[in-house]
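Notes to accompany the following structure.
Any read-out appearing in this document is the output of simple, stated calculations on the displayed coordinates, not a laboratory observation. Keep in mind it's a predicted model, so treat the numbers as computed, not measured. Cβ placement follows ideal geometry from the backbone for every residue including glycine, while neighbour counts extend to all protein chains displayed.
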């Protein structure tokens, strides 16, 4: 905002906000008890919501980890060809032996692979197959040996009673099969098993693993906070402030989760990561407030010290909180319910964390200040002497003497780490040769990150939803080892009633099938078409298939020759035999990666959409393949929108628009770095890592925003001095926040579950790169520009220089003329 004098003010939001927070700090300092007790009472009331957790849990894998509007979910309703009220998907080997697996061995001498009897596809039943040599054009050859045999058993779930019986059978099977296999003591045969509920049950077990991990994390965070805030002065040490600062984060989790559970928001296991994150952020803000408190004058009134603390720290904390909350609330717009649940729980927890830091923790800081003001011991609360007594020894002076401060500044003595940043690290960082090295280091970082971004793999491996020691892992491993040659056997569905007896319609349908079969991912020799078989039989028996009555009436011949074909034709009315839908099968190959799965889906859907006949391609796996079509788009969308929001907040709250651009730059830079190094650490871009990239948006701004705000607010004259001053004031809190967050998630690296290990990996990268930007890159880059200060102050200085120059010029003009002679 610019005035008539041409001077611009860019602190029209930051200045009044700082004033409001100053008054709040003074109020908390004057009346701490209400601000301490009300959050405790509110947390106790909202915490009752945790009793609703069992009924709010929503961990259905398909619902939570696939796109809500995925096309495959809608297509699934059309794929089941029913006959006599039930569905079927025949198992060729079991069908051939009447459902008795013991009789399969008798078939082995006559088996051919991959097609048996010219129509049964065995690629999904036999794995690791070696066949007899033969001509290249011979697509199916006698089987020599097979290393794996896979059998399917289907349970009926057509009505609620059958679904309940099926569920009981499956649960009983999973309970008894380990015991049965142990009793059999098999030596030459190894068995892996998997059921339709296995993945879901194993996924739900993951939630139980996080509870003890969170307990360990809470202890470690408290320990680190206390150690990092401890001083040798028994009065001015911040043990209680650190302990209650961690408690404040815990209360935020209790209140926010309880409130959302009361409101009926589904709780997904991904939200179980949120407490680790909240703990790190809350402690980070606590460190900044403690640091600003230590820089106030010890002999000032508590009310004034709290006002100064809030005016200095709360604006910086507000910037980071707003960016974090916005980042997570923007993430709610994603297509994945699991990400939505995580974002709403985490974003709401950040709101409570901010409120409790300004109220509950502020009250603790004020009460602790009263103890310091009366010079009482931090543990015994007894008044101690401020004068050392060498006659009693150093132990006495350390434990029973305290309250000394720097009489020159009136503040507490400088913390050794603050001194390190002021005397050593800051001056070293702004040295010209160090700046050159930092620029070279950043170019190397950016180049490596961009290369890594090109190597990131997309998609979630479903085995990662189970713990490492789960029985389903062995099943997935053998599936990859023995059955990877062939991909999904995809249904090509005609969802509408078409005149199959019309030769031109059949020609169009055949043309569509051939186009699909010519896909790079389809083996056209392994297709299965009831219509082709029917036409072949009709020609051999001289049946007329160009007349409706004859076509429909002679279908019974097809069903006699190939009984399984009846499952591929669905009749609307059994009396008039109207074909409402039918399906064909194509066999996919060379589907070995997530990229192949995405390309397969796009190719097949594109070919089906271009066909003159209405067609749908479907396989149950397509429900999970749909994520590949939106995961990158959703990620980019969230990152771009959130980055724009971060820029807006920075422009409003950092009193220099050009410097606020560096905060936005830090966001983009850290996101590129984290995404790139994900590839180097074997982390895919999936719905789980996408959650962490949303986290990245919030965390990448935290450290850089703190340093940038301190830089802009510095009163030092030169750019280098401002960088050193910013590091002196907030360098140690940034280090504390970074280390405390890493400590908070460190135990997740020990988890036996991919979800929690991935959370640790990405959080580690976010904190590492975020801290590197805040402590190294941004301070150096800010010194390259002479305009990164408060615009108003800069223009005042420029105006002063102009006025001084004008005054000097005017005085010169008034000097008396001197006669040269």
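Placing a label point 7 Å from the Cα of residue 186 along the Cα-to-Cβ line, the residues of the stretch 462-499 whose backbone N sits under 12 Å from it are 475. Taking 19 Å as the cut-off, the amide N atoms of the stretch 276-307 that come nearer than this to a point 7 Å along the Cα-to-beta-carbon line of residue 223 belong to 276-277, 279-280, 283-284. Between residue 439 and residue 599, residue separation times 0.36 nm minus the direct Cα-Cα distance comes to 53.6 nm. Extending 7 Å from Cα along the Cβ direction at residue 496 and again at residue 333 yields two label points whose distance is 3.5 nm. Averaging the sequence gap over all C-alpha pairs within less than 8 Å and six or more residues apart, then dividing by the number of residues, gives the stretch 116-244 a relative contact order of 12 percent. For the stretch 577-639, evaluate the Debye formula with one uniform point scatterer on each Cα (no solvent term) and list log10 I(q)/I(0) at q = 0.17, 0.24, 0.27 Å⁻¹, rounded to two decimals. Taking Cα atoms of the stretch 577-639 as identical point scatterers yields -0.71, -1.11, -1.25.
For residue 23 and residue 680, compute 0.36 nm times the residue count separating them, minus their Cα-Cα distance, and round to one decimal in nm.
Working: separation 657, 0.36 × 657 = 236.52 nm, distance 4.90 nm.
Gain in length upon complete extension: 231.6 nm.
Looking at the square roots a ≥ b ≥ c of the eigenvalues of the Cα gyration tensor of the stretch 403-455, which shape do they give, rounded for a/c under 1.5, prolate if a/b is larger than b/c, or oblate? Since a/c reaches 1.5 and a/b is larger than b/c, the shape of the stretch 403-455 is classed as prolate. For the pair residue 407 and residue 63, a Förster radius of 56 Å applied to the C-beta separation gives a FRET efficiency near 0.30, rounded to the nearest 0.05. Apply the a/c threshold of 1.5 to the C-alpha gyration tensor of the chain and tell me whether it is rounded, prolate or oblate. Prolate is the answer for the chain, as a/c is 1.5 or above and a/b outweighs b/c.
Using only the Cα atoms of the stretch 188-268, build the gyration tensor, take square roots of its eigenvalues as a ≥ b ≥ c, and label the shape rounded, prolate or oblate: rounded if a/c is under 1.5, else prolate if a/b is larger than b/c, else oblate. Oblate shape, in that a/c is at least 1.5 and b/c is the bigger or equal ratio.
Go ahead and run the numbers for FRET between residue 658 and residue 454, Cβ-Cβ distance against an R0 of 35 Å, rounding to 0.05.
On the way: r = 32 Å, r/R0 = 0.90.
The computed FRET efficiency comes out at 0.65.
Modelled label positions at residue 103 and residue 33, each set 7 Å beyond Cα in the direction of Cβ, lie 8.6 nm from each other.
In what order do 491, 286, 533, 646 fall by count of nearby beta-carbon atoms within 10 Å, going from fewest to most? Provide the component values of the computation, followed by the final result.
Numbers: 491 23, 286 31, 533 17, 646 27.
Least crowded to most crowded, the residues run 533, 491, 646, 286.
Extension gain, residue 480-residue 461: 0.36 nm per intervening residue step, less the Cα-Cα distance, totals 5.7 nm. Remark: 702, 523 ranked as 523, 702, counting other beta-carbon atoms within 10 Å and listing the fewest first. Under the criterion of Cα pairs below 8 Å and six or more residues apart, the relative contact order for the stretch 270-420 equals 26 percent.
Between residue 371 and residue 179, the simple spin-label model (points 7 angstrom out along Cα→Cβ) gives 5.7 nm. If R0 is 45 Å, the Cβ-Cβ spacing of residue 632 and residue 580 corresponds to a FRET efficiency of close to 0.75.
Ordered by the number of other Cβ atoms lying within 10 Å of each residue's own Cβ, fewest first, 604, 543, 186 fall into the sequence 186, 543, 604.
The mean sequence separation of alpha-carbon pairs under 8 Å and at least six residues apart, normalised by the residue count of the chain, gives a relative contact order of 20 percent.
With a cut-off of 13 Å on the backbone N, the residues of the stretch 497-512 near the modelled label site 7 Å out from residue 546 along Cα-Cβ are 501-507.
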